[in-house]
Amino acid sequence: MKRKIIKIDHDKCTGCGLCMPNCPEGAIQMIDGKARLVSDLFCDGLGACLGHCPVGAITVEEREAERYDERKVMENIVKQGENVIRAHLSHLRDHKQDEYLQEAISFLNENNVHNPIQEKEMNMTHTTVHSGCPGSQSMKFYEPEKQNKETGKRVSRLTHWPIQLHLMSPEAPQYQGKDVLLAADCTAFTIGSFHEDFLKGKALAIACPKLDDGHEEYIAKIKALIDDAKINTLTVAIMQVPCCGGLLTMAKTATSQASRKVPVKCIVIGLQGEVLSEDWV
């Protein structure tokens, strides 16, 4: 993908090392007496290191680069201690990188690592980092637990928010390299076992091909899921009613425009929740 990322002019670099401690992601290391970007995966392109180079050897350019990987960064950062974790989280908060911040916090929770930023500070983050409607704030949830055997209660298999195709971002971490379920709005209300049989293990996006405007935007987002998020598979769940076929048409158009090829499955649901057909297209 093409994105912003730092560039180090090795002819200008004097090897002073001042940039290293000012890179919250640990993307810069001293190698053979020069500052070097160790991996595209570690550089978020925000340029926190720029003002710390006394000779101006570091700039930000836009080029083809691997997508920034917050989880890889966190794997590296947690080894360096609480102060480094705090600096990184503060960096994400201050630069309004809400999606990456949520993923970093999820990583800490999943790995039982103490979050050094106080709860009050984090609450401030949730209200200040995201701009726009609070309902469209990107969030990634914990992996749901298994069904409660004592009460028989089934848990939600939804792992992220938002899910409406207009509101979701193909750049959100919850879609990266995932199996994606693109479901017509009505399907979840007709299928009694929707979460267990259809949603489990998949990232979700929903849309109504009849009532929603902006079909071209939908096609562009599906294409971005394929090319940029590099999803594994795309499953399109639609109702048997004729207008619902528009969602499959949009998916087919997007896949034909995409540079990558991914397997696409279409599931047609009857009005009482029965599966009428399930085919790779």
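Quick one: in the range 46-99, of everything that is of a type in the set (S, T, N, Q) and not in a helix (DSSP H, G or I), which residue is modelled with the highest pLDDT? Among those that are of a type in the set (S, T, N, Q) and not in a helix (DSSP H, G or I), it is Thr59.
Kindly evaluate Gln137 against the criterion of being under 22 Å from Met74 (Cα atoms), polar (S, T, N, Q), at pLDDT below 85 and crowded, with 18+ Cβ neighbours inside 10 Å. Steps first, please.
On the way: under 22 Å from Met74 (Cα atoms): yes; polar (S, T, N, Q): yes; at pLDDT below 85: yes; crowded, with 18+ Cβ neighbours inside 10 Å: yes.
Yes.
Figure legend. Inter-residue proximity from the range 168-188: first residues assigned by TED's automatic domain parsing to the domain that holds Lys265, second residues of a type in the set (Asp, Glu), beta-carbon distance below 7 Å, spacing 6+ or different chains. Indicated pairs: Pro170/Asp228; Glu171/Asp228; Ala172/Glu99; Pro173/Glu70; Pro173/Glu99; Pro173/Glu103. Does the range 239-248 include one or more residues that are in a strand (DSSP E or B), over 22 Å from the mean Cα position of the chain (by Cα) and either over 23 Å from Gln174 (Cα atoms) or not hydrophobic (A, V, I, L, M, F, W, C) (or both)? Taking every residue of the range 239-248 in turn, at least one turns out to be in a strand (DSSP E or B), over 22 Å from the mean Cα position of the chain (by Cα) and either over 23 Å from Gln174 (Cα atoms) or not hydrophobic (A, V, I, L, M, F, W, C) (or both). If we scan the range 67-80, do we find a residue that is surrounded by fewer than 16 Cβ atoms within 10 Å (Cβ to Cβ), assigned by TED's automatic domain parsing to the domain that holds Asn111 and not basic (Lys, Arg)? So far as the range 67-80 goes, yes, one or more of its residues are surrounded by fewer than 16 Cβ atoms within 10 Å (Cβ to Cβ), assigned by TED's automatic domain parsing to the domain that holds Asn111 and not basic (Lys, Arg). If the condition is being among the charged types (D, E, K, R) and surrounded by 12 or more Cβ atoms within 10 Å (Cβ to Cβ), then the range 266-281 contributes only Glu278.
The values are calculated or read from the model by the stated rules, or taken from the named source; none is laboratory data. Note that the structure is predicted; figures quoted are calculated from it, not measured. Every residue, glycine among them, receives a Cβ derived from its backbone with ideal geometry; neighbour counts consider all protein chains shown.
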